[in-house]
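Okay, so here's the structure we're looking at.
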Amino acid sequence: MLQDLIQKGLRLSQHAIFRKFVSRAGGFLAKPAKLAMLLTTAYDKLIDTSSSQSGFAQVKDVMQTFIRLVKAYINGDYRQVSNRSLLVGVGVLLYLVTPLDVIPDFIPVLGLLDDISLMAWFVDAFHKEITNFRTWESMRVKELESLGVRKV
């Protein structure tokens, strides 16, 4: 099932509408306030979504990790990520929060399925970037704990 979602997401990533979202992503990366609003909206959409489909929780968790990655990038704390990954990831978030995309979100089940498929593709395609960030994030928490700093 997850492989089917990834393949569908790959096809969506090549669609002209998604390419438009990726081209808009650069504008968001250049405007931290606008990007912060996007991250909040995407995060709210991810945590409000419930699904019994296998693999969804994994995709959701990785997308939430990506949101933390972008926040760390904007804060200047984390820079070991490619510009392409940032642009494509922000493009995925834009696609996710926009109700009118290839399959509009108001169409029951199908409207959410294209969003999930695109997220699954992103997770698969950019797994290394996400893994590297999680490693960095884990090491940073340990460093802060060793200094006696509690993370809020």
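Some points to look at:
- Taking the fewest neighbouring Cβ atoms within 10 Å as the starting point, the ordered list for Lys71, Lys31 is Lys31, Lys71.
- Subset of Lys71/Lys128; Lys31/Lys142; Lys31/Lys60; Lys31/Lys71 violating a 20 Å alpha-carbon distance limit: Lys31/Lys142; Lys31/Lys60
Each reported figure results from applying straightforward, stated rules to the coordinates on display, with no laboratory input. Being a predicted model, the structure only gives us computed values, none of them experimental. Neighbour counts run over all protein chains shown; Cβ positions are idealised from the backbone, glycine included.
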